[in-house]
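**Student:** I'd like to ask you about the structure that follows.
The values are calculated or read from the model by the stated rules, or taken from the named source; none is laboratory data. Just so you know, these numbers come straight off a predicted model, no measurement behind them. Heads up, the Cβs are rebuilt from the backbone with ideal geometry, glycines too, and the neighbour counts pull from every protein chain shown. Quick note on the areas: whole protein, heavy atoms, side chains included, nothing else; ligands and nucleic acids left out. Shrake-Rupley method; radii C 1.70, N 1.55, O 1.52, S 1.80 Å.
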Amino acid sequence: MDDVWRREFQQRLLEWYDKNARKLPWRVGVLPYRVWVSEIMLQQTRVEPVVAYYERFLTEVPNLKSLAELSEERLFKLWEGLGYYHRALNMQKAARIVMQSFQGELPQSIEALKSLPGIGDYTAGAIASIAFGIRARAVDGNVIRVMARVGAITGNVSERLVKKEIEDVVDKLLPHERVGDFNQALMEIGATVCIPNGAPKCQVCPLNSLCKGFLEGIAGSLPIQSKKKPRTQSDMSVFLIRFENQIAIRKRVASGLLPNLWEFLSYEGFLSNEQIKEVFRQWNMEVEEILPAPSSQHVFTHLVWNMQGHVVWVKNKEESLEWVWSSKEEILKKYSIPSAYRAYVKFILNQ
Ligand code: ADE
């Protein structure tokens, strides 16, 4: 890579960014805390759905101190719908460490940032470059795709060495000024122009005449990635248990999938009405009536839930350590129910 090529690349990318960057709330009045929250929310999540969560979160939790002091229940409620809740927990853990050990200010080095829970290579680089102007790379999936195409890299980007090759190229490409904008511009062009699934918009790309993949006519077939393993399918019956105007919900265990979040009671497999009555006998509840509720599917990273819903009216309000009886208002305002159950929350609220 010669200097002329590098300068040309930086210039075209930044000029394009100045004209085309989406107006996103964390790009206005750049503050370390705000950048951090945005980067955590954006891990594994697209930009568009994050915007509304981000603004709501910042209104209620405007700084590190308030995050460190927030209750877990409220944290989950504000995160409800974003998924991957361990991100929120790690972020709060990190906020507490920053309050205790870094005088309440996010540290200004890659190494110190990476010592905090939930901050890995990518996120440390993003915060360091965007918030502090430190010349550090921030290579996410978008950037890998862009750079694999620009360099016509035909190795498998799921492999450590190929990813390292891309990181080394980005390291060399980083400008000495506006490095945060440069990193965001690379992500942005990946998200809006150099898009995945074989359909890059090369005709409108400011980098096209610098792009080996485009010049060789292979941009659309890159990057090469390992095929993902098929997800495990899990069939389950979901019970919207009703007694008068209340609904039974339970807290999930503290480890594993969706830890500590609230959910409707459920049982493995698609059960017949007879089987449902038997399950309820085990829970000491006598079934009055079973009515159909929608079926729904939720796709996790490695798992798919296939859910069949049932409204189950019961004759007795059994109290248990396993569940609580909640009103619709409490479901809406107090308990954090993951979006895997969105169809059922909606259904209940409309009943
Ligand atoms: N994805 C993660 N962080 C981003 C940012 N700052 N801009 C655009 N896309 C992103």
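**Student:** Considering only protein heavy atoms and a 1.4 Å probe, what is the carbon-and-sulfur percentage of the accessible area of the chain?
**Tutor:** C and S atoms contribute 51 percent here.
**Student:** Nearest 10 degrees is fine. How inclined is helix 47-60 to the longest principal axis of the chain, computing both from alpha carbons?
**Tutor:** Taking Cα atoms only, the helix is inclined about 70 degrees.
**Student:** Which lysines, on any chain, are close to LYS317 with Cα under 17 Å apart, when same-chain ones fewer than 8 places away are left out?
**Tutor:** The qualifying lysines are LYS277, LYS328.
**Student:** What would the Debye equation give as log₁₀ I(q)/I(0) for the chain at q = 0.07, 0.08, 0.13, 0.15 Å⁻¹, counting only Cα atoms as equal point scatterers?
**Tutor:** At q = 0.07, 0.08, 0.13, 0.15 Å⁻¹ the computed log10 ratios are -0.40, -0.51, -1.05, -1.22.
**Student:** Out of PRO338, PRO196, PRO294, any idea which swings most in a Gaussian network model of the chain, alpha carbons joined below 10 Å?
**Tutor:** PRO294
**Student:** I've got another one for you. Do you know the relative contact order of the chain, to the nearest whole percent, from alpha carbon pairs under 8 angstrom that are 6+ apart?
**Tutor:** 16 percent
**Student:** Can you tell me the convex hull volume per residue for region 9-102, based on C-alpha atoms, in Å³ to the nearest whole number?
**Tutor:** With only Cα atoms used, region 9-102 gives 118 Å³ per residue.
**Student:** Could you check what % of the DSSP bridge pairs in the chain are antiparallel, to the nearest 5?
**Tutor:** The antiparallel fraction comes to roughly 65 percent.
**Student:** Also, I was wondering about something else. Remind me, relative contact order of region 1-106 in percent, using alpha carbon pairs under 8 angstrom and six or more residues apart?
**Tutor:** Computed over region 1-106, the figure is 24 percent.
**Student:** Separate question: Could you provide, to the nearest whole Å², the per residue accessible area of the chain with probe 1.4 Å?
**Tutor:** In whole numbers, the chain has 50 Å² accessible per residue.
**Student:** Still on this model: With both bridge residues required to lie in region 171-328, what share of the DSSP beta bridges run antiparallel, to the nearest 5%?
**Tutor:** 65 percent
**Student:** Which order do VAL179, VAL47, VAL30 take when ranked by solvent-accessible area (1.4 Å probe, heavy atoms of all protein chains), largest first?
**Tutor:** VAL30, VAL47, VAL179
**Student:** A further question follows. Run through every distinct alpha carbon pair of region 115-241 and return the Kirkwood hydrodynamic radius in angstroms, one decimal place.
**Tutor:** Values: mean 1/r = 0.0623 Å⁻¹.
With all distinct Cα pairs of region 115-241 included, I get 16.1 Å.
**Student:** Between 0 and 90 degrees, rounded to the nearest ten: what's the tilt of helix 32-42 against the longest Cα principal axis of the chain?
**Tutor:** In the chain, helix 32-42 runs at an angle near 70 degrees to the longest axis.
**Student:** Work out, in µm²/s and without decimals, the Stokes-Einstein translational diffusion coefficient of region 238-296 at 25 °C, 0.890 mPa s, Rh from Kirkwood over C-alpha pairs.
**Tutor:** 191 µm²/s
**Student:** If you average the alpha carbon positions of region 3-29 and of region 124-201, how far apart do those two centres end up, in angstrom?
**Tutor:** Between the Cα centres of region 3-29 and region 124-201 lies a distance of 13 Å.
**Student:** For the full complex of protein chains and a 1.4 angstrom probe, list LYS277, LYS346 by accessible area with the highest value first.
**Tutor:** LYS346, LYS277
**Student:** Hey, what angle do you get for helix 121-132 against the long axis of the chain, alpha-carbon based, 0 to 90 degrees rounded to 10?
**Tutor:** Approximately 70 degrees, to the nearest ten.
**Student:** Taking the alpha-carbon distance from LYS228 and a cut-off under 30 Å, which lysines remain once sequence neighbours fewer than 8 residues away in the same chain are dropped?
**Tutor:** LYS114, LYS163, LYS164, LYS201, LYS212
**Student:** Sorting check: for 307-318, 237-248, which peptide has the highest mean count of neighbouring beta carbons within 10 Å, and how do the rest follow?
**Tutor:** Highest-to-lowest ranking by the protection proxy: 237-248, 307-318.
**Student:** Provide the three semi-axes, in whole Å and in decreasing order, of the ellipsoid equivalent to region 223-351 as defined by the square roots of 5 times the Cα gyration tensor eigenvalues.
**Tutor:** On the way: eigenvalues 151, 57, 37 Å².
Calculated on Cα positions only, the semi-axes equal 28, 17, 14 Å.
**Student:** Before anything else, pin down the relative contact order of region 195-297: Cα pairs under 8 Å, at least 6 apart, normalised by residue count, whole percent.
**Tutor:** After rounding, I find 17 percent.
**Student:** Sort ARG12, ARG149, ARG160 by heavy-atom solvent-accessible area, probe 1.4 angstrom, most to least. Numbers along the way, then the final one.
**Tutor:** Details: ARG12 60, ARG149 5, ARG160 145 Å².
The ordering from most to least exposed comes out as ARG160, ARG12, ARG149.
**Student:** Hey, another quick one. Just grab the label-to-label distance for THR301 and LEU24, each label 7 Å out from Cα along the Cβ direction, in nm (one decimal).
**Tutor:** Between THR301 and LEU24, the label points sit 2.0 nm apart.
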